[in-house]
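Undergrad: Got a structure for you, written out below as structure tokens; questions coming shortly.
Laboratory data are not the source of any read-out in this text; all were calculated from the coordinates shown. Predicted model, so just to flag it, every value in this text is computed and none were measured. We place every Cβ from the backbone using ideal geometry, glycine too, and count neighbours over all the protein chains shown.
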Amino acid sequence: MHSNGDRASDQALRVYRRLFEENTDQLGVGVSHTIGHVYYWGQTFRDYVLGLPRALRIDPVAENVHYGATYSFHSDSPVTEVDPLLWVDTAMARTLFQEPNHVPGKD
């Protein structure tokens, strides 16, 4: 199942819970992040679409690590190139293509 965004993800998990009538932790559900959203479009999300607080929540990989969730990264090739090391770097540093020396939320 694919979902994108807070509400869609909540809805997907509600459906899983109803279908399987058990805790989603036991379902083996994982998260796959299109981390290029942060790298390529983070500035646009921050400045024009979501604002800083919500933009900081795009692809919250640190939460996956904190809660021990299964996660992975993917690209929407050919929209974004296949570059696994760039995605790992982006997930860790949260750098933006348009502002390579600026980390959102560290102002």
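Undergrad: Give me the pairs: first residue in the range 49-75 and closer than 14 Å to Met92 by Cβ, second residue aromatic (Phe, Trp, Tyr) and outside any helix (DSSP H, G or I), beta-carbon distance under 7 Å, and six or more apart or on different chains, which are they?
TA: Val61/Tyr71; Asn64/Tyr71
Undergrad: Kindly indicate the residue of the range 28-78 that is over 30 Å from Tyr16 (Cα atoms) and part of a loop (DSSP other than H, G, I, E, B) and also nearest to the chain's Cα centre (by Cα) among those meeting that condition.
TA: The extreme case among them is Gly51.
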